[in-house]
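Asker: Sending over a structure as structure tokens; questions will come in a sec.
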Amino acid sequence: MASYEKHILHGVLAGFITGIAVGVLVLIIVTPSLEDMVRDIVIHSLPRDLPPSAVEEVVRSALGITRVAVFIAPVAEVIQYVLIGAVFGLVKGVFRVKLKLDEVTSAITAGVLHILLLGILPILILFTLYTEIVEVISKYFNLHLAVAVPGVVFTLAIVLISSLRGPWTKLTEARPREV
């Protein structure tokens with residue numbers, strides 16, 4: 001398998017593991033208080049001069065969408081992280097091939113970049129633009145963990161997949177068949 005393809009596959013496998021972990025955590029931690037959190041976010045986001053009936057209608061609509069999203073979320077998390085994993089696997093490949101970093105260092109660097117770009121930066125932007133919303137979300141679950149866990153799981157997974165031999169090694173070192 002060509003060098004970049006191997007790294008992309010490492011990223012896809014790490015993304016798959018991350019997606020499953022995040023999907024399970026969302027179901028266990030976020031889902032029980034999700035409706036209350038959505039209600040508070042919608043109420044804080046709406047103009048204060050809206051009549052109570054209009055506010056209740058918007059809240060009811062948002063909760064309906066949320067209930068549907070809860071069923072889709074676990075599968076969507078896996079798909080999302082597989083795609084993100086492919087991108088960061090390619091980034092790992094660039095670090096490995098172009099910058100000549102060793103396997104573990106390139107995996108850690110790609111993981112740290114994942115944490116910065118998809119964890120810390122979005123929360124900083126959200127906090128800068130919508131401080132009230134971040135405070136409402138923080139009331140329901142620990143934002144520090146929400147920011148760190150996916151990136152840390154991805155980083156650990158890609159480091160382990162890149163450095164250890166396992167069942168995935170057959171895929172990453174496979175040669176095309178001659179016909």
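The values are calculated or read from the model by the stated rules, or taken from the named source; none is laboratory data. Model, not experiment: these values are computed from the prediction. Glycine gets a Cβ as well: all are built from the backbone with ideal geometry, and neighbour counts include every protein chain shown. Keep in mind that these areas ignore ligands, DNA and RNA; they rest on the heavy atoms of the full protein, side chains included. Shrake-Rupley method; radii C 1.70, N 1.55, O 1.52, S 1.80 Å.
Asker: Being over 21 Å from the mean Cα position of the chain (by Cα) and under 30 Å from THR31 (Cβ atoms), is that true of even one residue in segment 64-79?
Answerer: Going through segment 64-79, the residues over 21 Å from the mean Cα position of the chain (by Cα) turn out to be 64.
From the residues that got through so far, the ones that are under 30 Å from THR31 (Cβ atoms) too are 64.
There is at least one residue in segment 64-79 that is over 21 Å from the mean Cα position of the chain (by Cα) and under 30 Å from THR31 (Cβ atoms).
Asker: Would you mind stating whether ILE17 is of a type outside the set (Asp, Glu) and modelled with pLDDT of 95 or more? Break it down into steps so the answer makes sense when it comes.
Answerer: Numbers: of a type outside the set (Asp, Glu): yes; modelled with pLDDT of 95 or more: yes.
Yes; evaluated as a whole, the condition is true for this residue.
Asker: Would you be able to tell me the number of residues in segment 76-121 that are among the small types (Gly, Ala, Ser), closer than 20 Å to SER163 by Cα and surrounded by fewer than 21 Cβ atoms within 10 Å (Cβ to Cβ)? First the steps, then the outcome.
Answerer: Looking only at segment 76-121, we keep the residues that are among the small types (Gly, Ala, Ser), and these are 76, 85-86, 89, 93, 106-107, 110-111, 119.
So of that shortlist, the ones also closer than 20 Å to SER163 by Cα come out as 85-86, 89, 93, 106-107, 110-111.
Of the ones still in play, those that are also surrounded by fewer than 21 Cβ atoms within 10 Å (Cβ to Cβ) are 86.
Selection size over segment 76-121: 1.
Asker: Next question. Among the residues of segment 133-145, what is the count of those that are assigned to a helix (DSSP H, G or I) and in contact (Cβ under 8 Å) with a residue 12 or more places away in the chain? Step through it out loud before you land on a result.
Answerer: Taking segment 133-145 and keeping what is assigned to a helix (DSSP H, G or I), we get 133-140, 143-145.
Filter once more, keeping what is in contact (Cβ under 8 Å) with a residue 12 or more places away in the chain: 133, 136-137, 139-140, 143.
The number of residues fulfilling the criteria is 6.
Asker: Another question, if that's okay. Name the residues in segment 44-81 that are among the acidic types (Asp, Glu) and either closer than 30 Å to ALA14 by Cβ or in contact (Cβ under 8 Å) with a residue 24 or more places away in the chain (or both), would you? Explain how you work it out, then say what you get.
Answerer: Narrowing segment 44-81 to residues among the acidic types (Asp, Glu): 49, 56-57, 77.
Result: GLU77, single match.
Asker: Any idea how many residues of segment 42-70 are closer than 23 Å to ALA148 by Cα and open to solvent by 40 Å² or more (accessible area, probe 1.4 Å)? It would help to see each step written out before you state the result.
Answerer: Just the residues of segment 42-70 that are closer than 23 Å to ALA148 by Cα, to begin with: 69-70.
Cutting the leftovers down to open to solvent by 40 Å² or more (accessible area, probe 1.4 Å) gives us 69.
Here the count works out to 1.
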